[in-house]
Amino acid sequence: MVCVSSKEYPETDLCKKLVYCSGGRWNAATVGEKTSFFFEVPAFNSDGTPDLGVYEEVVGVFSSCFRSPTFNKDYARREIMAIDSEHTKNCSVVGKMAHHGLRLLASPGHPFHRFSTGNFDTLFRGRKTNLHDELVRFYEQNYQAWKTGLVLMGPQSLIALKKLAIANFSECMTSQRTETNNVLKTCWAPVYSSPVFTNLGRMVLIESANTTPTLRICFPFTTDSKESLIFAHAWSYVMGSENEVSFNSELFKGGLIKGSYSSCPLITFKDRLLQLELNLTMAGTRDHEKIFEYLIRYTQEVFSPDPKRVKRIAKLMSQFNSIELYNFLHHDTEASASSRCRGLSQLLLEDQQIHSEWLLKNAPCWGFSDAGYDGSYEESLEAQTWWKTKSEQFCAQMRSTVCKKNMLATLVAPGDVLAQFGKQEYEVDPYYGFNYKILPITFSQSDFQVRLPRPNQFVVGQIDNQTGLYELLKSTLESSRTFVYASKEETTPPELVHSSQQTQLWLKQDRDKYRGKAYFSFEITGVTIEPSVQSTLSLEIFCDIVKELLRETLYPALELWYAYDLLHSMKGTCGLVIHVSGSTVGIHNILEIMTNKLRELSDNFVSLVTPSMFRQSRIRIKMKYENLRTLRSHELASLGLLSVLEPGTWPLEDRLETLEELDIETVATTAKATFESCQLIALLHGDVSKLDYQRTLDTLKTLVTEFASPQYKQLHTLSLPHGCNYRVHGFSPDETNALVYYMQLGARKNTRDRSLARFVAYILSTSLTTKIRTQYQLGYVAFAGLRTLQDIVGVHVTIMSGDHEPLALDAKIDDIVAEWIREFEKNSSKYAEIVQQFIKSLNQPVNENSSLTFGIVGRSLGDGKLIKEHQSFWNQILNQSLNFSASGEDQIDVAVIENLQFSSLIKYLKTKLVSEERSKLSVMLSTKLSHEEVAIKLRPIRLQTFLTGAGLPIKREKLEQLMGQAGESQAQLARLLFKHYQEQGGSLRLISTTVMKLTKDVFARSKKADIPKTSSTEITNLDSWKSHMQEEIAQN
């Protein structure tokens, strides 16, 4: 509500509009004791010239909202419903449920025990005071300058940013002077009159259907000093490890867990949790008491006062400090600048004695400012003594914290899984609505081994020289002081250093930006094996088993922000993709470990892979595919479009059927044949040279018998013929219908086609989408944009609807697109402005998946700026589009758009989108439910949306209760609603007007609409149609 409008800028949501129109991001969030507001906007134009006007304008509007917010009354109700909608989503998120379960275990008198996020009931129902006045009072009490952390980030100098901050924020809020180096403590210490937890040793069971059993084990821990905070992070480092002799490795081998995650989250300004989250198997749920016992026994033995144990932990702590320093110096910048600003602004409110020296790192390290510190453990005898002293303190702290009397737990699982805990009655949480009960934590003896953690084998050389790391950090800080103004980084495309039918080797050298860091990507394709669903699934199982065997060996590398992945080809060919990234110190070592395991398994698959390992791999892959069924209907329809047009994208049912039939011998044969004769495509990117290529080729040659050219027919994206109008039908997984309405525009390799497609997609997304969603209200989800396939570009309209069947939607979109073109043709005066806005938007990435391979590297290797760049280049190379732009995306020719006359654009739109010459394909998913069943399911949603939009919000549960009382009588429901709102104190005139419109506007939508006749041709045999299309492509 604060940033909705201000007295200086009364226009509703002006700040958000400015941000979004520039292609930026905006958000606000309250977590615990802090509320954050953050945004980012582009700093450069598409040609690389600086553009700070938008940033300064947004900062001006943004600051005015904190200086003089208006708290628009009409907007307040909308915001309450938005909060309630967010809470409704949270009710099915395991992490949110578990955290709320922890609140149930807190002391009843402590604020942490309360429901924290708000919903319709807590914010609106039964309110006696004026909401606007209450917001004003809250603002005046809490929004004060001394309670605020402000971060501005940009390409300007620090002096310029400081001037911008002073000009806009110096008189932003009440300037009551309060001296403190810990804002949160000053604000919140008086509020907390008791400890967060007083009744420990308890566990809360939370019932949640269709959920993987998730166990959180927590130990409350006070962090009131730099040392205690480092201890908390060090514990998380040790307990989160999945290396070969770790706590987690024993649980994995025992079949008790599927995954593990350790952390030390903040719950108040001084209280943290040492938290271990385990994704349990059924056996793990059954033997949870053994996990509890093993955790306590492991802690007491590993962190014992025995001198040998103290020495081992001292070395581990030194390594942990080295890893933290090294990662800080070499980390990849986050993709989102606004997220970094948010994190820094929050740290400014915490204890500055802890964070001031390490503000930019987000967590402190030990260094030369600490008395007695003398570098890494192995650097000197004095250092060894110092680290052993820290180890003794750390071990003593862990033994006293991670113990039975200081333990709490939450377990979220389906009801049938929780049946083992007895028939004691469950309570119902009034906010989340889940069933829960609280039990004492019990223990059962286990026989798991306790082995001391091993040193990280990848922490070698300069990585473990803390004195050298600090010298590098110092020189980096000194060089930053000469910074004047940042310019947009120029990026050159990769260089093709070798090309043949057998191998294609690309090199992208960038030592300035990627100092000491490299990204390797390889595609190895078997050239003698015809693409098929069997070969695809065989290699998917093979890759899955190899990764499982490498998990413990390569886990230590992940601690140093190395990353790796191994996956089957997404193009349908019989091949696999290898990704490795990280420090140039060890990246070749990781690649060698991976290729050695690939060679070992491909040569000896039958003897090394047990039936149990094979079965578990099939289960993991089957679950992945089964989870696709849980996607929303419009997401499935989008996948359906790819399945129809892209080669080798076998239908889900075919994959599942083949998966059931595969055996060990088939997978072994496929894997061995893949590496006997194959084609190689490779990209080395970062601080690399041609010498790195020779080394990687030598490594890969130990895996591959020979490099050769493909002996099978190359597959291409199906190109729709001119004048076609096809449709494909399928079934939706729920009560909604979905349509993907796709229009092919041209060849991806053609620069003009690409440029026009992106321009048309921009216009559609900014104007047609609003028409479909708002004016015609065709669906809950409605959007339009670019669709780039491997060889083809086009545009699409995607809709998810509960009111309209796909055929009706398809016909309606035909009419709306034609109407939109007629209206657009009348607005020639705005054309020049549209072109300029489009050119400016090119500075931002296209918000769409270019192909099946797009995003694979990013998901597996991280989310930083550098990996995003590598991902874009690799996508271009893998799909052989090779239309590199500075960002790695398809290059477009801006001159094509600048020289495009308005009349030419209109002719192009009519030809490509609505004429009989267009090339169109619609993917339609229909619900299996009858129209009457859909109406019953969707009626509460429609009613709630209608009433909320009319200014009469109502909780879903209450509405369903009234509908149950009314039965089939619309008149009775209208009377009940009138009575309900009258009791809530609503305006009689508003209630009367809204209820009268109810029957006409909402109930009328439940009548089944006639399905229009269509001129489209239905594809009834997809395999036959695709074969026919491929033959036509081959002939042309």
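The values are calculated or read from the model by the stated rules, or taken from the named source; none is laboratory data. From a predicted model like this one, the values you see are computed outputs, not experimental measurements. Reconstructed Cβ throughout: ideal geometry from the backbone, glycine too, with neighbour counts over all protein chains shown.
Some points to look at:
- Candidate set: the stretch 585-597, residues that are at pLDDT 90 or above and β-branched (Val, Ile, Thr); chosen: the one surrounded by the fewest Cβ atoms within 10 Å (Cβ to Cβ): Ile593
- Within the stretch 948-985, if we keep just the residues that are over 18 Å from Ala82 (Cβ atoms) and of a type in the set (Gly, Ala, Ser), the residue that is modelled with the lowest pLDDT turns out to be Gly985.
- Residues within the stretch 523-533 that are surrounded by fewer than 19 Cβ atoms within 10 Å (Cβ to Cβ) and either in contact with a helix residue (DSSP H, G or I) (Cβ under 8 Å, 6 or more places away or on another chain) or under 21 Å from Ile621 (Cβ atoms) (or both), tallied: 3
- Residue in the stretch 201-216 that is assigned to a loop (DSSP other than H, G, I, E, B) and loosely packed, with under 13 Cβ neighbours inside 10 Å present: yes
For every residue, the table says whether it meets (1) within 21 Å of Leu215 (Cβ to Cβ); (2) modelled with pLDDT of 95 or more.
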{"residue": "Lys258", "(1), (2)": "yes, no"}
{"residue": "Pro265", "(1), (2)": "yes, no"}
{"residue": "Asp271", "(1), (2)": "no, no"}
{"residue": "Glu277", "(1), (2)": "yes, yes"}
{"residue": "Lys308", "(1), (2)": "no, no"}
{"residue": "Glu324", "(1), (2)": "no, no"}
{"residue": "Glu334", "(1), (2)": "no, no"}
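- Members of the stretch 432-461 that are over 30 Å from Thr117 (Cα atoms), within 33 Å of the chain's Cα centre (by Cα) and among the aliphatic types (A, V, I, L, M): Val459, Val460
- When residues of the stretch 551-582 are limited to those that are among the polar types (S, T, N, Q) and modelled with pLDDT of 90 or more, the one surrounded by the fewest Cβ atoms within 10 Å (Cβ to Cβ): Thr553
- The combined condition, being touching a Lys or Arg at 6+ places or on another chain (Cβ under 7 Å) and touching a residue at least 60 places away in the same chain (Cβ under 8 Å), is fulfilled by Phe120.
- Among the strands (runs of 3 or more DSSP E) confined to the stretch 650-754, the ones with at least 3 residues that are under 32 Å from the mean Cα position of the chain (by Cα) and under 22 Å from Leu639 (Cβ atoms) are located at 725-731, 737-747.
- Options Glu600, Glu646: the member that is of a type in the set (D, E, K, R) and crowded, with 20+ Cβ neighbours inside 10 Å: Glu646
- Contact map, the stretch 731-758: first residue in contact (Cβ under 8 Å) with a residue 40 or more places away in the chain and buried (at least 21 other Cβ atoms within 10 Å of the Cβ), second residue part of a loop (DSSP other than H, G, I, E, B) and among the aliphatic types (A, V, I, L, M), Cβ cut-off under 6 Å, separation 6 or more or different chains; pairs are Gln744/Leu720; Arg754/Ile892; Ser755/Ile892; Arg758/Ile892.
- Test for Thr35: is it loosely packed, with under 14 Cβ neighbours inside 10 Å and farther than 30 Å from Leu280 by Cα: yes
- Some residue of the stretch 836-856 being small (Gly, Ala, Ser), buried (at least 17 other Cβ atoms within 10 Å of the Cβ) and at pLDDT 90 or above: no
- Unique match (being under 19 Å from Lys865 (Cα atoms), buried (at least 16 other Cβ atoms within 10 Å of the Cβ), more than 22 Å from the chain's Cα centre (by Cα) and of a type outside the set (Phe, Trp, Tyr)) among His330, His355: His330
Residue by residue, here is whether (1) part of a loop (DSSP other than H, G, I, E, B); (2) under 24 Å from Glu227 (Cβ atoms); (3) of a type in the set (Ser, Thr, Tyr); (4) touching an Asp or Glu at 6+ places or on another chain (Cβ under 7 Å) holds:
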{"site": "Gln384", "(1), (2), (3), (4)": "no, yes, no, no"}
{"site": "Thr442", "(1), (2), (3), (4)": "yes, no, yes, yes"}
{"site": "Leu452", "(1), (2), (3), (4)": "yes, yes, no, no"}
{"site": "Val459", "(1), (2), (3), (4)": "yes, yes, no, no"}
{"site": "Leu469", "(1), (2), (3), (4)": "no, yes, no, no"}
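- The stretch 600-638 - residue that is among the aliphatic types (A, V, I, L, M) and free of Cβ contacts under 8 Å to residues at least 12 places away in the same chain and, of those, farthest from Val795 (Cα to Cα): Leu608
- Hey, Met398 under 24 Å from Lys96 (Cα atoms), modelled with pLDDT of 95 or more and crowded, with 21+ Cβ neighbours inside 10 Å or not: no
- Verdict on Tyr298 being closer than 30 Å to Met203 by Cβ and part of a helix (DSSP H, G or I): yes
- Of the set (1) farther than 24 Å from Thr401 by Cα; (2) touching a strand residue (DSSP E or B) at 6+ places or on another chain (Cβ under 6 Å), all apply to Phe252 but (2).
- Here the stretch 44-73 is the region considered, the condition is being polar (S, T, N, Q) and at pLDDT 75 or above, and the residue that is surrounded by the fewest Cβ atoms within 10 Å (Cβ to Cβ) is Ser68.
- Restricting the stretch 248-263 to residues that are in contact with a helix residue (DSSP H, G or I) (Cβ under 7 Å, 6 or more places away or on another chain) and assigned to a strand (DSSP E or B), the residue that is nearest to Leu276 (Cα to Cα): Ser262
- Yes/no for Leu295 being over 26 Å from Tyr373 (Cα atoms) and modelled with pLDDT of 95 or more: yes
- Residue that is among the β-branched types (Val, Ile, Thr), outside any loop (DSSP other than H, G, I, E, B), at pLDDT 90 or above and not assigned by TED's automatic domain parsing to the domain that holds Phe62, where the choices are Ile230, Ile166: Ile230
- One residue alone among Gln509, Gln449, Gln445 is buried (at least 16 other Cβ atoms within 10 Å of the Cβ) and either at pLDDT 90 or above or closer than 30 Å to Phe707 by Cβ (or both), and that residue is Gln509.
- Check on Ala314, of a type in the set (A, V, I, L, M, F, W, C), surrounded by fewer than 21 Cβ atoms within 10 Å (Cβ to Cβ), part of a helix (DSSP H, G or I) and in the same structural domain as Glu378 (by TED's automatic domain parsing): no
Per-residue answers, yes or no, for (1) β-branched (Val, Ile, Thr); (2) more than 24 Å from His110 (Cβ to Cβ):
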{"residue": "Asp224", "(1), (2)": "no, no"}
{"residue": "Ala234", "(1), (2)": "no, yes"}
{"residue": "Val238", "(1), (2)": "yes, yes"}
{"residue": "Ser241", "(1), (2)": "no, yes"}
{"residue": "Glu250", "(1), (2)": "no, yes"}
{"residue": "Pro265", "(1), (2)": "no, no"}
{"residue": "Leu280", "(1), (2)": "no, yes"}
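- Any chance Ala76 is among the aliphatic types (A, V, I, L, M), part of a helix (DSSP H, G or I) and surrounded by fewer than 16 Cβ atoms within 10 Å (Cβ to Cβ): no
- Residues being free of Cβ contacts under 8 Å to residues at least 24 places away in the same chain and more than 30 Å from Lys404 (Cβ to Cβ) are represented in the stretch 186-197 by at least one member.
- Contact map, the stretch 64-82: residues that are within 12 Å of Pro10 (Cβ to Cβ) paired with residues that are basic (Lys, Arg), Cβ distance under 7 Å, separation 6+ or inter-chain. Pairs shown: Ser68/Lys7; Thr70/Lys7.
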